[in-house]
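Participant: Next up is a structure, given as structure tokens.
The values are calculated or read from the model by the stated rules, or taken from the named source; none is laboratory data. The model shown is predicted, which means the values in this text are computed figures rather than measured ones. With ideal geometry, Cβ positions are generated from the backbone for all residues, glycine too; neighbour counts draw on all protein chains shown. All accessible areas refer to the heavy atoms of the entire protein, side chains included, with ligands and DNA or RNA removed. Shrake-Rupley method; radii C 1.70, N 1.55, O 1.52, S 1.80 Å.
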Amino acid sequence: MDPTEALPDDALANILRRLLPCELAASRCVRKAWCAVVDAHGLMRPHILPSSVRGLFVNYIDYERPRFFARPTTKRPAINGDLGFLPGYNTHFKPIVDHCNGLLIYGTDWEFCVVNPATRRWERLPRLDASNYNTYLAFDPAVSPNYQVFAIPLVPKKIIPVEHVPDKKPKKPSQFSEPYGLLELFSLLEDASALKDFEEECEDRPSELSTEQTIEEDDLTAISAPSPIKCSGKQEDPDDLVGWPPSSWMLDMFSSSTKQWQKKPFVREGEALETMASVRLDRLKPTSWGPRWRYGVYWEGALYVHCRGAFVVRLLLQDGKYQLVKTPIDIEESKHAEPYLGKSEKGVYFATIQQHEYQLRVWILNESGGQMSWELKHHIDLSPCATIYLDQPKGIEKTWFLYGDDNDEGGTNKMLVDENLEWNSEDDNVLNIEDDYEDFYSHVSILGFHPYKEIVFLEVSSFKGVAYHLNSSKVQYLGKLRPKDYYHGHSNGIYESFPYTPCMVGELSECA
């Protein structure tokens, strides 16, 4: 008889809790009763679920692959930031487009892959027969090893009807019978130069236009075909007055449990906040050097997506419903404030940085009482840390590093095994802003929020990473973000970044 059978479940759980992670995992295979106790008490969760930030995956503008900005640590598993086993990773300029609880989406509309860097497992998604969409992950390893990918469509392109232009120019009517009289001939000679200009202009025009034409999303002007004699005015489009998103929104969703894309309907709760026309006033993309604008957040069973049109969509995945939340800044202000949606210690966060003034504002989404509203929690002047040159900060002993960039400054992969270089997220590399630093004015970008602490990661001083503690204003220097082989040009910059929290859960079919 097994003596442990006489023990109460709580007592057995206290014994098993003392085992090392690998021994605890092995104990689940010894007896069914032990396996049930381990699972019922969640003993494996601290070892396999996301619990710490191990770095940031970064996409650069006009650079061939994402890079992993790694935090020095002795924790296991050791994260190999080189994802070269993914299709086209080192050559095809494909980005990482989302992260959720240890899983990444990598690729473009033509081919997406979901990958777990901690387990080195991945799988390719089936091709989606759609265009003009962004993909977002929904994954909670504490609930299920399965994940979902949602394709959120952009605002539909505007279809503009245009007038049909006749193939032949109309013949000028004459008050004289054939043949022309002298009076008409003299009149034509006087207008010869005007007629010549008119004919040249008509020759440059296409002889025929299609009955409808698609224009780019950022083009707000309704284009109509001018007639040879008189240009028509702007045509009214009834679709411009339609609310967006629609009251019943059909989204494409990939489920790892079925391994296929399927249609999932969502019904809107409440009224639309914007029309198609007003949404198009919001630029589709930032300027060429700026960071990405619109991120997604998965939080407590809901997917939050920052959409074009200055609002956030809250998708209730189990209920098949969605809600709209107006962002705390409008479309006009977002052109200069660089909005960012993320999650941190207290839930869903929204932040902006007012460039040139270096003003950081952080809101938290309050969902209590069935109402959703943004509460401004922090308004911070970043000038003290954003206007100094941090090429060689004083008193810095260890830094984060770009995986694969071995150098003499400690940025080497050996940092993963050196116990003296374990990163302390509270005390290491705290900058003394009062030191005599050289002035340096540069762009400041949000790299992401720490998911478990009120810390925001920032890029300052041209490709230098810092961690800013929102409650204490403490600034920690992280390291240099520029890859050694990144060419120098005016368009250089970081486009997207994702704080990475490793997870040992996730059923993916391929192994590196």
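Participant: At a 1.4 Å probe, what is the % contribution of carbon and sulfur to the accessible area of segment 423-512?
Facilitator: Here it works out to 46 percent.
Participant: Output ³J(HN,Hα) for segment 449-465: one whole-Hz value per residue in order, computed from phi by the Karplus curve 6.51 cos²θ - 1.76 cosθ + 1.60 with θ = phi - 60°, and x for Gly and Pro.
Facilitator: Once θ is set to phi - 60°, the couplings for segment 449-465 become 9, 5, x, 10, 9, 7, 10, 10, 8, 10, 9, 10, 6, 6, 6, 10, x Hz.
Participant: Hey, another quick one. Provide the per-residue ³J(HN,Hα) series for segment 332-349, in order, calculated from phi with Karplus coefficients 6.51, -1.76, 1.60 and θ = phi - 60°, each as a whole number of Hz, with x at glycine and proline positions.
Facilitator: 5, 5, 5, 5, 10, 10, 6, x, 9, 10, x, 10, 8, 4, 9, x, 8, 10
Participant: With only Lys, Arg, Asp and Glu charged, each at its Cβ (+1 for the first two, -1 for the last two), find how big the charge dipole of segment 1-160 is about the Cα centre; round to the nearest 20 debye.
Facilitator: Taking the Cα centre of segment 1-160 as origin, the dipole is about 340 debye.
Participant: At 1.4 Å probe size, with every protein chain present, just tell me what the per residue accessible area of segment 242-374 comes to in Å².
Facilitator: 42
Participant: How large, in percent, is the carbon and sulfur part of the accessible surface of segment 87-140 at a probe radius of 1.4 Å?
Facilitator: About 48 percent, which is the carbon plus sulfur part of the accessible surface.
Participant: Can I ask one more? Under the rule of at least 5 residues apart or a separate chain, name every residue whose amide H is placed under 5 Å from the amide H of Tyr358.
Facilitator: none
Participant: Under the Karplus relation 6.51 cos²θ - 1.76 cosθ + 1.60, θ = phi - 60°, what is the ordered set of whole-Hz ³J(HN,Hα) values for segment 487-498, x standing for Gly and Pro?
Facilitator: Using θ = phi - 60°, the values come out as 5, 8, x, 5, 8, 4, x, 8, 9, 9, 8, 9 Hz.
Participant: Sticking with this structure for a sec: Of Lys346/Lys480; Lys394/Lys480; Lys394/Lys464; Lys75/Lys474; Lys94/Lys453, which sit over 22 Å apart, Cα to Cα?
Facilitator: Lys346/Lys480; Lys75/Lys474; Lys94/Lys453
Participant: Would you pull out the residues with amide H under 5 Å of Ser497's amide H, same chain only if 5 or more places away, H placed 1.01 Å from N?
Facilitator: Correct list: Asn59.
Participant: Which order do His379, His306, His356 take when ranked by solvent-accessible area (1.4 Å probe, heavy atoms of all protein chains), largest first?
Facilitator: Sorted descending by solvent-accessible area, the residues read His356, His379, His306.
Participant: Still on this structure, I have one more. Give me the percent of accessible area attributable to carbon and sulfur for segment 246-403, probe 1.4 angstrom.
Facilitator: 47
Participant: With every protein chain kept in place and ligands, DNA and RNA left out, what is the accessible area per residue of segment 418-512? Probe 1.4 Å, answer in Å².
Facilitator: The answer is 44 Å² per residue.
Participant: Mind listing the long-range amide H neighbours of Leu478? Cut-off is under 5 Å, sequence gap 5 or more, other chains count too, H placed in the peptide plane at 1.01 Å from N.
Facilitator: Gly465, Val466, Ala467
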